[in-house]
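Every number here is computed from the coordinates shown, using simple stated rules; none is lab data. Please read all numbers here as calculations on a predicted model, not as lab measurements.
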Amino acid sequence: MIEWLFNPWVIIIVVLAVVFGNIAALKYTANMKFDNQKNAAKKRKYELDRLNELDKEKYGKHDKK
């Protein structure tokens, strides 16, 4: 059984399967869009702007320096 695993043809087939599998995975994930990061940044900016507006309403419109 162990001689069968170390047969050069079996090793070549396994290596080719791994290489083609990795290429297929890269092709599948290459065009994915990661909008979650952009949306999270926009949401944080919106929340920060909203907190600044509420702060100005509560404490007045003067700038703190």
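Remark: the stretch 49-57, residue by residue, has Karplus-estimated 3J(HN,Hα) of 4, 5, 5, 5, 5, 5, 5, 5, 5 Hz, where x stands for each Gly or Pro and the curve is 6.51 cos²θ - 1.76 cosθ + 1.60 at θ = phi - 60°. Computed from phi, the 3J(HN,Hα) profile of the stretch 7-16 under the Karplus parametrisation 6.51, -1.76, 1.60 (θ = phi - 60°) reads 5, x, 5, 5, 5, 4, 5, 5, 4, 4 Hz, with x in place of Gly and Pro.
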